[in-house]
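The values are calculated or read from the model by the stated rules, or taken from the named source; none is laboratory data. Note that the coordinates shown come from a computational prediction; the quantities given were computed from them, not determined experimentally. Cβ coordinates were reconstructed from backbone atoms using ideal geometry, including for glycine residues, and neighbour counts include every protein chain displayed. Areas reflect the complete protein model, heavy atoms only, side chains present, ligands, DNA and RNA absent. Shrake-Rupley method; radii C 1.70, N 1.55, O 1.52, S 1.80 Å.
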Amino acid sequence: MYSPQARPVGIIGAVVVESSSWIDDNLWYLQQCRTDPIMLGVSGTLNPAQSDFGKYVTHFSKDPMFRAIRSSRFYDADNGKVTLKADQVANLRLLAEADLALDTANPTMDLMQANVQLADAIPNLRIIMDHLPTFDPTPGNQQAYEGVVKGMADRPNIFVKLTEVYHPRLTDNVIVRDYETLRTRLDYLFGAFGEDRVLFGTDYPNSYGVATIAEEVGLMKRFFSTKSRETAEKYFWKNATRIYKLSLT
């Protein structure tokens, strides 16, 4: 379903970020990706809260297509005070030792604060904050939001996906399509993290009903049209290749 929509707009390679908590689905994703030449890697699911996490990291890291996991529940939060879960930090160190990345999804203030703490605790872990443009700061948390974005930007092992730029606002469920409004947020985030730490993604099929793949690509092509070709290539594919450590051969 993905390739016929992606290839016409110039996408020739992709990483699937899984959305299932079933560990056996890692195998299914890997099997499916090996049969489709457009697929370059898998960000799978392993639970760092489980005692056998290290065993599965060792097992799946042997597959060159298994490049990361997605996990976002490695912290506790109580009235705005965020603390990392020690057992999960210990396990996520094993992920870093295996040279795999960590996707963290659906940004909240607590998760962004936890990412900063995790980056300090495990400086060699590549942490990816997915869908950062979806966070809509309010007048009440604007200053705190800018502070935690700066905190993430100050940690060189945190990267961000400028994805889900088209998204329903939490306050009224309206999808903002005004380019200048979207450009302002993209300018802010791109300025904070720089050209070497931003990644592209379509968020397909979660983007159903919000934007087509062609619309997602078109928006970001427009944003990068004022920048150099090299900068655009970093965003659209080179950074992902480096951060996920994809094999293009």
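Determine if region 179-189 includes at least one residue that is farther than 22 Å from residue 1 by Cα, of a type in the set (Val, Ile, Thr), without any contact (Cβ under 8 Å) to a residue 12 or more places away in the chain and open to solvent by 30 Å² or more (accessible area, probe 1.4 Å).
Yes, region 179-189 contains at least one residue that is farther than 22 Å from residue 1 by Cα, of a type in the set (Val, Ile, Thr), without any contact (Cβ under 8 Å) to a residue 12 or more places away in the chain and open to solvent by 30 Å² or more (accessible area, probe 1.4 Å).
Just to be sure, is residue 117 farther than 28 Å from residue 204 by Cα, open to solvent by 10 Å² or more (accessible area, probe 1.4 Å) and either modelled with pLDDT of 95 or more or of a type in the set (Asp, Glu) (or both)?
When the stated conditions are applied, residue 117 passes them.
Do you know which residues across region 43-82 are more than 21 Å from residue 99 (Cβ to Cβ) and exposed (fewer than 12 other Cβ atoms within 10 Å of the Cβ)?
Answer for region 43-82, where residues must be more than 21 Å from residue 99 (Cβ to Cβ) and exposed (fewer than 12 other Cβ atoms within 10 Å of the Cβ): 51, 78, 79, 80, 81.
So which helices (runs of 4 or more DSSP H) stay within region 191-249 end to end and still have 1 or more residues that are buried (at least 20 other Cβ atoms within 10 Å of the Cβ)?
213-224, 239-244
Being at pLDDT below 95 and at negative phi narrows it down to one of 172, 196, 187, 203, so name that one.
The unique qualifying residue is 172.
Would you tally the residues in region 120-138 being open to solvent by 10 Å² or more (accessible area, probe 1.4 Å) and outside any helix (DSSP H, G or I)?
The qualifying residues number 8.
Quick check on residue 5: is it over 20 Å from the mean Cα position of the chain (by Cα) and within 26 Å of residue 217 (Cα to Cα)?
It is true that residue 5 is over 20 Å from the mean Cα position of the chain (by Cα) and within 26 Å of residue 217 (Cα to Cα).
Could you check how many residues of region 61-90 are within 12 Å of residue 42 (Cβ to Cβ) and among the charged types (D, E, K, R)?
Residues in region 61-90 being within 12 Å of residue 42 (Cβ to Cβ) and among the charged types (D, E, K, R): 3 in total.
Any residue in region 141-153 that is open to solvent by 20 Å² or more (accessible area, probe 1.4 Å) and within 25 Å of residue 210 (Cβ to Cβ)?
yes
Just checking, which of 95, 30 is open to solvent by less than 50 Å² (accessible area, probe 1.4 Å) and in contact with a Pro (Cβ under 8 Å, 6 or more places away or on another chain)?
Result of the check over 95, 30: 95.
Which condition number does residue 39 fail, the rest of (1) loosely packed, with under 12 Cβ neighbours inside 10 Å; (2) of a type in the set (A, V, I, L, M); (3) within 18 Å of the chain's Cα centre (by Cα) being met?
Status for residue 39: all satisfied but (1).
When you scan region 1-110 for helices (runs of 4 or more DSSP H) that lie fully inside it, which ones turn up with 3 or more residues that are among the hydrophobic types (A, V, I, L, M, F, W, C)?
Filter on region 1-110 gives 24-34, 53-60, 86-97.
Is it true that some residue in region 162-173 is part of a strand (DSSP E or B), open to solvent by less than 30 Å² (accessible area, probe 1.4 Å) and touching a residue at least 60 places away in the same chain (Cβ under 8 Å)?
Checking region 162-173: not a single residue is part of a strand (DSSP E or B), open to solvent by less than 30 Å² (accessible area, probe 1.4 Å) and touching a residue at least 60 places away in the same chain (Cβ under 8 Å).
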